[in-house]
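The values are calculated or read from the model by the stated rules, or taken from the named source; none is laboratory data. The shown structure was predicted, so the numbers you read here are calculated from the model rather than taken from an experiment. So basically every Cβ, Gly included, is an ideal-geometry build from the backbone, and we count neighbours across all protein chains shown. Accessible surface is based on the protein model in full, side chains and every heavy atom, while ligands, DNA and RNA are left aside. Shrake-Rupley method; radii C 1.70, N 1.55, O 1.52, S 1.80 Å.
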Amino acid sequence: MTKSLSILGSTGSIGTQSLDVARLRGYTVEALTAYSDVAHMEAQIREFHPKTVAMVEEKAAADLKVRVADTNTKVLSGKDGVCACARADGADTVLNSVVGMAGLEPTLAAIDAKKKLALANKETLVAGGQLVMEAAKKNGVSILPVDSEHSAIFQALQGRPANAALKKIILTASGGPFFGKTKKELEKVTVADALKHPNWEMGAKITVDSATMMNKGLELIEAVWLFSVRPQDVQIVVHRESIVHSAVEYTDNSVIAQLGLPDMRIPIQYALTYPERFESPVGELSLSEIGKLTFFEPDYDTFQCINLCRTAINKGGLFPAAVNSANEQANAMFRRGEIGFLDIAARVAKVLETAPQKERYTLEDVLETDRWARETVASL
């Protein structure tokens, strides 16, 4: 059966690579969304002919309407427009690659519409894991991970016998551009320095998260929800080559890993074609050309964001949402040159100290925590 997709965040790194896969596999595209990139959205409309698109920015939506007036594509705007695209009638699969907390409500909209969900927006589970997993169970919706690490874990768990006890998840990290540096050396690093990722081409926010290693902390929280494990069952290992994307260890100490070139089209395609596998647009991995694979313990003293996330998920409730939103605000402030690199972790830590505790929460609670955490970080 030909798949029909709704891609949220289609002009970003994951979104454009998802369209590469759709092009290769011959999938139809029912809906697309973006924040404000009108030029790329117009090009995508003219190639893929979606019935509906949404631009978060109202001015961008108005501009796009004029540009594509000669097409049959309906242009929506704002958060409501994105959620409408997540519910698009003709789409059987929604791929959510929206960056940040903004992805939570579209995720819930897709689940409520009983769409198969390919999830690249880790903040969805970090901020609202309880809400999302309960909604998915209630609606019988499958959540397929797109992050390379969580896809690797998901793949390594395939064929697992029902009685095969999982001992731990081994979550690999590239270490980012500042691997091996001391806190003193990080005091003066610039935004340009932080955006020089050694292995991956990603958006600016996620690249800075990789530099602080907050990305790995968020992925730890995501793994807890996706795979129903305890935080202490997730081990983080720095793997500079980004060839082993993650692994699982069973009670007999057998370790099963997924390897591949660092190209997001591999996990994107697997999420869209699961449980089948097809020819990939990505090159073949040659271990002899790679030569060696290295592994290191993270420097938790220098890169404190990992442990801030571990503390947040251990506390539970709204603490992960608070940490996530605090990081989004601090990350943006760093990219604007308003604070230093080390201030990101410092400000997230302050929010973690004073975040509200609520074991059971609603979407409104998460949104209020998001507002509070951002205001707190901005006012420090």
Probe 1.4 Å, all chains present, heavy atoms only: Glu185 accessible area in Å², nearest 10, is 100 Å²
Restricting to Cα pairs under 8 Å and 6 or more apart, the percent relative contact order of the stretch 209-285 works out to 17 percent
Within the stretch 316-356, the residues whose backbone N lies under 17 Å from a label point placed 7 Å from the Cα of Thr190 along the Cα-to-Cβ direction are 334-342
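For the stretch 1-68, rounded, prolate or oblate, judged on the Cα gyration tensor with a ≥ b ≥ c (square roots of eigenvalues), a/c < 1.5 rounded, else prolate if a/b > b/c?
Prolate, since a/c reaches 1.5 and a/b exceeds b/c.
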Loop-resident trypsin sites (Lys or Arg not before Pro) in the stretch 300-357 with no more than 12 other Cβ atoms inside 10 Å, DSSP not H/G/I/E/B, are Arg336
Per the stretch 50-137, sqrt(5λ) over the Cα gyration tensor eigenvalues, sorted largest first, in Å, gives 26, 14, 9
For the stretch 241-360, whose charge dipole is built from +1 on Lys and Arg Cβ atoms and -1 on Asp and Glu Cβ atoms, the candidate among Asn331, Ser280, Gly291 with its Cα farthest towards the positive end is Asn331
Everything considered on the Cα gyration tensor (a ≥ b ≥ c; rounded for a/c under 1.5, else prolate if a/b is larger than b/c, else oblate), the stretch 200-255 must be described as oblate
With +1 at each Lys and Arg Cβ and -1 at each Asp and Glu Cβ, the charge dipole magnitude of the chain around its Cα centre, to the nearest 20 debye, comes out at 300 debye
Judged on accessible area alone, 1.4 Å probe, highest first, Asp370, Asp80 line up as Asp80, Asp370
Here the relative contact order (percent) of the stretch 271-380, from C-alpha pairs under 8 Å and at least 6 apart, is 29 percent
Computed from the beta carbon distance with a Förster radius of 41 Å, FRET efficiency for Glu289 and Val66 to the nearest 0.05 stands at 0.25
SASA check, Glu105, accessible area w/ 1.4 Å probe, all protein chains in place, rounded to nearest 10 Å², comes out at 40 Å²
In terms of the alpha carbon gyration tensor, root eigenvalues a ≥ b ≥ c, rounded if a/c is under 1.5 and otherwise prolate when a/b exceeds b/c or oblate, the stretch 72-191 is oblate
Computed about the Cα centre, the charge dipole of the stretch 87-222 from +1 Lys/Arg and -1 Asp/Glu charges at the Cβ has a magnitude in debye, to the nearest 20, of 380 debye
Too long for a 18 Å Cα-Cα cut-off, among Lys188/Lys350; Lys65/Lys116; Lys315/Lys350; Lys114/Lys137, are Lys188/Lys350; Lys65/Lys116
Within the stretch 1-44, the residues whose backbone N lies under 18 Å from a label point placed 7 Å from the Cα of Gln158 along the Cα-to-Cβ direction are 1, 3, 21-22, 25
